[in-house]
Structure formats: C-alpha cells, structure tokens
Amino acid sequence: DQYLDKFFALVHALDEHVFPVRIGDMRIMENNLETELKSSIAALNSAQLEPVVRFLHLLLDKLVLLVVRPPVIAGQIGMILDYTD
C-alpha cells in the first residue's frame, strides 16, 4: 500500500538518520521531513484495510513511539502529533 510504504519509509529515515529520502520519484530533505511525516500520518486513513491489518502491530508501534519519543529533526524536537493543526 502506497500510504503505508510512505509512512514506514519516513519513519525508517528518522530512525536511521538517512537523508534525503527517496520515495518513488519524490526526494524528501530533512528540512521538510516533519511536514511530509505529518501528511503521511493523516493519509493513513486512505490505506487499504488488508495491509493495515497485516502490519497493524508495526504501525501502532511506530505511532506510539512518535508520541512517547518525538524525533529530533534538523536539530529540533519534532511536533509530529501537534493537536493545534
């Protein structure tokens, strides 16, 4: 599923500190990673149900980890799940 792939690729880039991130023909730099990650989280509701269920344990693990331990992006703590958006 393209939505899950994008989310997992961005989370992997955060974990490994690998920039820029290539997703398909798109190249994501560290300075706009937070925006892309937020949009990928919002887009997860468009993912197909079967892949979401298959990878639910990984998806929930990564989402909870983002809440409990916010990532450091470009030297600043990311506000990935900012409720003011």
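Results, tabulated for the structure shown:
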| quantity | calculated |
| --- | --- |
| Helices (runs of 4 or more DSSP H) lying entirely in region 14-80 (those with 2 or more residues that are modelled with pLDDT of 85 or more and within 11 Å of the chain's Cα centre (by Cα)) | 33-42, 56-68 |
| Pairs where the first residue, in region 20-42, is open to solvent by 70 Å² or more (accessible area, probe 1.4 Å) and the second is of a type in the set (Gly, Ala, Ser), C-beta under 8 Å, 6+ apart | 31/74 |
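The values are calculated or read from the model by the stated rules, or taken from the named source; none is laboratory data. Bear in mind the structure is a predicted one, so any value in this text is a computation, not a measurement. Glycine also receives a Cβ, built like all others from the backbone with ideal geometry; neighbour counts cover every protein chain displayed. We work out accessible area using only protein heavy atoms, side chains counted, and drop any ligands, DNA or RNA first. Shrake-Rupley method; radii C 1.70, N 1.55, O 1.52, S 1.80 Å.
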